[in-house]
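Notes follow once the structure below has been shown.
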Amino acid sequence: MDSDTAYQQICSVRTVQSDKKGFFNEFYLEVRQSCGEKWLTNYFGKLKSDQARILSIFSDREICDPVLGVLENVRPVYKQKDALFSSQRRAQAEKFNLLDDPKQALAHANLAVVRAPARDIDPLVDGGLTLALAFWTRALILLDMGNGEAALSDLKLAANYGVESKSSVDYYLKMAKAYAYMGEPARVEISLKIAEKLAPAGTTKIDACRQEIANIKTNSDPKKINLKKPNPTGGENPDLLGTSNLVKLVESSDKGKFIVATNELKTGDVVLAEDPIAACLLPSFFGSHCHNCFERLITPVPCLNCSGIAFCSAQCMGEACSSYHRFECAFMDLFIGSGMSILCYIALRVFTQARAGVEQGLSIANGLIENLCAHNESRQADDFLQRSLMAGFLMRCLQKAQYFGHRKTEGVNPTALELKVATALLGLLQVLQFNAHEIYETLVTDKHCFDGSKVIYVGAGLYPAGSYFNHECWPTVARYFVGKRIILAATRPHKQNQIVAENYGPVFTKMNLKERQRALRGRYLFDCTCDCCKENWPTLQKLDKQVRFWCPSGTCGSVLRFPKDLAKDVRCARCRKNVSLKESIVKLIKVEEMYREAANAMKNQDVESAIELFKEAIDQFYEIAVLPHKDTLIAQDSLRTCLASTGTTFKK
């Protein structure tokens, strides 16, 4: 086996299992040893369809015994609720709040909320009101912190899960205080009047509360930023949802399906603004991010059944638990323990989130399999076996979660419908290897929004339209995220029918040609023929500051080197004219001055001005010159950084 083939196999394996310590790797190795090389190569490796591969792992005698032996033992494994633990954390939260340590108080209150069982599940602790009391305690802490909006949400949840509200003076006084922090005086007064009606004669609580509210200053949560979700420039393309009317999908024999400009694009134009067809959070972020929308958690709202994940709001919890999470909930720790990759979670999610049921899931899955690249003609028998076993495992989890309804038997062997789902899961596991996108947020520091900023990958998603953007080793678009929505914005102007290119990882500024080609062959199974590769551009560190200009003679299209003598004309080999580059050089000087102004705007954290300056300067550069040009490359990368800062960011 040559080194590139071995590297390709390593890359492929990592898209199925992300942790070799997980039990799935042991499962695969046991099956692999049982079936033997001869059967794998001469029989399984020659099967022509995914359905035949799935049928094989369940029915062929060389393989089915170890497969059934493991899958028969699939059962729910998840982090369960613990009323006593929650009650203890609530007591700790109250203690730290009295000690005026709000950070510790909130941390313990969050644990109390997440681990608390729903009402009446454990009536021996807190009379079955553990969850309601956890929300109530956290609401009091949030009020002391001045976070009215979050406190109000918790007060309502506390009432929803059992805390007396309709006849409680304290409840409406706390509501009034929350509304005061939110700057809603009319609702403050309504809450106080209800409290007055409920209060016994002679009480001083209402007056004391009014006095306290009079001293409250409106305090919005500084960490909560309502980000704008950009829409495609020029309106949405009806033939390819999520893309701009300024681009279109084309196809060729050598490049497959890819995106080109329909009309001229300007730097900064949004060519894609697409929500994922399915997206999943990485397990390492289950405790810090909303499982549904990926927003950072400040006051988590739990699943009512498990303690392994949480949501940013009751709305997100309701959306998830009424669709995909009800099938995934009881198996979350099993998934993590298997070591399966994030792509496997996404394949499963395509089905579990289908609100109309299994037929809708099949329709979506088969549409993706039909339209997106899978490179199944290049796969080895080992690869198919591993993915088939994972598809079988995921299908078994769906069986046990009653995704297909109540089963008459506990047997593993799939029904006709379950076979279709397992087959589609196998197809998705192939498609996702080449079409999923990592989802990231930008971590910024208190000192500066750019200096010390860091990209944090929190999950992955499948974006059908986004999958059609081909790779170039210097992309023509910047990619960033607003929540789970992917945004692609042009980092250079494009002429009609010019390729609009993404980047799949290797960029010429950091990796040489040999390294890039090896990485792309191993991970994506193609040889790159972009300009960076065809002309073997040097890395940024080795690139000089010389610039090449377009011939200024009409539509010649020839590229001319920077003249040795600026006073003399240059002879163009294509149009055979003597042309002056003085005007182009003057324009270049202005462009580079604008780059410096944009860099100063970034230094001053004036993001909007920096973006506008970069956009104008880059457009002007491409009118007169071509890449590689060091200052323009730096400007394009800086524009990408600025655009990312308008997406999902997080400040510690």
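The values are calculated or read from the model by the stated rules, or taken from the named source; none is laboratory data. This is a predicted model, so every value here is computed, not measured. Cβ atoms come from the backbone with ideal geometry, glycine included; neighbour counts cover every protein chain shown.
Okay, here's what the table says:
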{"quantity": "Sole residue being among the aliphatic types (A, V, I, L, M), over 25 Å from Ile259 (Cβ atoms) and touching a strand residue (DSSP E or B) at 6+ places or on another chain (Cβ under 6 Å), chosen from Leu566, Leu560", "calculated": "Leu560"}
{"quantity": "In the range 293-317, residue surrounded by the most Cβ atoms within 10 Å (Cβ to Cβ) [restricted to those that are of a type in the set (Val, Ile, Thr) and farther than 12 Å from Lys79 by Cα]", "calculated": "Thr299"}
{"quantity": "Candidate set: the range 601-652, residues that are acidic (Asp, Glu) and either closer than 24 Å to Leu560 by Cα or not in a loop (DSSP other than H, G, I, E, B) (or both); chosen: the one farthest from the chain's Cα centre (by Cα)", "calculated": "Glu623"}
{"quantity": "Residue tally, condition of a type in the set (Asp, Glu) and within 20 Å of the chain's Cα centre (by Cα), over the range 303-336", "calculated": "2"}
{"quantity": "Helices (runs of 4 or more DSSP H) fully within the range 19-129 counting 2 or more residues that are in contact with an Asp or Glu (Cβ under 9 Å, 6 or more places away or on another chain)", "calculated": "23-42, 64-71, 83-98, 102-115"}
{"quantity": "Residue match in the range 461-473 (condition: of a type in the set (Ser, Thr, Tyr), farther than 27 Å from Gln386 by Cα, out of contact with any Phe, Trp or Tyr (no Cβ under 8 Å at 6 or more places or on another chain) and not assigned by TED's automatic domain parsing to the domain that holds Asn371)", "calculated": "no"}
{"quantity": "Qualifying residue in the range 156-173 (condition: of a type in the set (D, E, K, R), buried (at least 21 other Cβ atoms within 10 Å of the Cβ) and either in contact (Cβ under 8 Å) with a residue 12 or more places away in the chain or not assigned by TED's automatic domain parsing to the domain that holds Ser307 (or both))", "calculated": "no"}
{"quantity": "Considering residues of the range 10-38 that are free of Cβ contacts under 8 Å to residues at least 24 places away in the same chain and over 12 Å from Gly339 (Cα atoms) only, the residue farthest from the chain's Cα centre (by Cα)", "calculated": "Lys38"}
{"quantity": "Output for the range 353-386, where each listed residue is of a type in the set (S, T, N, Q), surrounded by fewer than 20 Cβ atoms within 10 Å (Cβ to Cβ), touching a Ser or Thr at 6+ places or on another chain (Cβ under 9 Å) and within 27 Å of Phe23 (Cα to Cα)", "calculated": "Gln380"}
{"quantity": "Top-ranked residue of the range 523-542 - restricted to ones that are acidic (Asp, Glu) and in a loop (DSSP other than H, G, I, E, B), ranked as farthest from the chain's Cα centre (by Cα)", "calculated": "Glu535"}
{"quantity": "Qualifying position, being under 22 Å from Ala158 (Cβ atoms), acidic (Asp, Glu), surrounded by 13 or more Cβ atoms within 10 Å (Cβ to Cβ) and touching a residue at least 40 places away in the same chain (Cβ under 8 Å), among Asp82, Asp50", "calculated": "Asp82"}
{"quantity": "Filter result for Asp451 (outside the structural domain of Gly392 (by TED's automatic domain parsing), under 30 Å from His289 (Cα atoms), of a type in the set (D, E, K, R) and in contact with a strand residue (DSSP E or B) (Cβ under 7 Å, 6 or more places away or on another chain))", "calculated": "no"}
{"quantity": "Helices (runs of 4 or more DSSP H) wholly inside the range 302-402 containing at least 1 residues that are touching a strand residue (DSSP E or B) at 6+ places or on another chain (Cβ under 6 Å) and over 27 Å from Tyr524 (Cβ atoms)", "calculated": "314-321"}
{"quantity": "Hey, Ala416 of a type outside the set (Val, Ile, Thr) and buried (at least 18 other Cβ atoms within 10 Å of the Cβ) or not", "calculated": "no"}
{"quantity": "Residue satisfying condition, being touching a helix residue (DSSP H, G or I) at 6+ places or on another chain (Cβ under 8 Å), over 30 Å from Thr445 (Cα atoms), outside any helix (DSSP H, G or I) and of a type in the set (Lys, Arg), within set Lys587, Lys568, Lys545, Lys564", "calculated": "Lys545"}
{"quantity": "One residue from Ile309, Ile364 being of a type in the set (Val, Ile, Thr) and over 30 Å from Ala139 (Cα atoms)", "calculated": "Ile364"}
{"quantity": "Some residue of the range 236-251 being touching a helix residue (DSSP H, G or I) at 6+ places or on another chain (Cβ under 9 Å), part of a strand (DSSP E or B) and of a type in the set (A, V, I, L, M)", "calculated": "yes"}
{"quantity": "Hits in the range 139-187 - residues which are more than 20 Å from Ala93 (Cβ to Cβ) and in contact with a Cys (Cβ under 8 Å, 6 or more places away or on another chain)", "calculated": "Leu173, Ala176"}
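Here is a yes/no grid of residues against (1) of a type in the set (S, T, N, Q); (2) closer than 25 Å to Ala401 by Cα:
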| position | (1), (2) |
| --- | --- |
| Glu26 | no, yes |
| Lys48 | no, no |
| Gly69 | no, yes |
| Glu72 | no, yes |
| Ser86 | yes, no |
